[in-house]
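No value in this document is a laboratory result; all are computed from the given coordinates. Note that the structure is a prediction, hence the values are computed from the model and not measured. Please note: Cβ atoms are built from the backbone with ideal geometry, for glycine as well, and neighbour counts cover all protein chains shown.
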């Protein structure tokens, strides 16, 4: 049976630190809008406090989470244990999008490894933590991070990445603007 908490406990933080990937869920307010679930890899998530986490978001083919957060703030992060004892941990919260050039970016970006293609930081104020069993999650072994995104971003270069973001990351599937698409894209 799942348990709920008002904040992250030290054992939750240890669990998060040991996970190689996580999933981000968000949705627009419109009932016919698309619910989005994005897998995230690499060492991009940081626990900032018992009620705040942030992750470095890398350039991708869409930018749904950013658009949904900009519209309504709702976001959920889920971690699953693919190795070791079964467990699932969810963080429910309100997100904000932090763009390069802002004071908050300057404060948070040094906490992350320098990864080519970084486009924004997603910060989440956590209001509920939930654990559950994860008994049906399969066991899988980690063999390494893919370098495909890094190589793609290096090949694009900074100007190519900016152009790609203008074309692919300015609005959601449902046409919602992202902070990158509101003229805030450098």
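Using Cα pairs under 8 angstrom and six or more residues apart, how large is the relative contact order of region 11-158, in percent?
25 percent
Counting each DSSP H run of 4 or more residues in the chain as -39500 (n - 2.57), what helix-only mean residue ellipticity at 222 nm follows after dividing by all residues, to the nearest 500 deg cm²/dmol?
-7500 deg cm²/dmol, from helical runs alone.
When ranked by the protection proxy of mean other Cβ atoms within 10 Å per residue, highest first, what sequence do the peptides 66-79, 48-61 form?
66-79, 48-61
What is the gain in length, in nm to one decimal, between residue 17 and residue 167 on full extension, counting 0.36 nm per residue of separation less the C-alpha to C-alpha distance?
That pair, residue 17 and residue 167, stretches by 50.6 nm at full extension.
Please check which bits of region 39-72 a label hung off residue 107 would reach, taking the label as a point 7 Å along Cα-to-C-beta and the cut-off as backbone N under 13 Å.
48-49
Rounded to the nearest 10 degrees, what's the angle between the helix 148-168 long axis and the longest principal axis of the chain, both from Cα atoms, 0 to 90?
Rounded to the nearest ten degrees, it is 60.
Computed over the Cα atoms of the chain, what is the ratio Rg over Rh, Rh following Kirkwood?
Looking at the chain, the ratio lands at 0.96.
Residue 148 versus residue 130, label points 7 Å from Cα toward the beta carbon: distance in nm?
Placing both labels 7 Å along Cα→Cβ, they lie 3.1 nm apart.
Residue 32 label point, 7 Å along Cα→Cβ, cut-off 19 Å on backbone N: hits in region 153-172?
172
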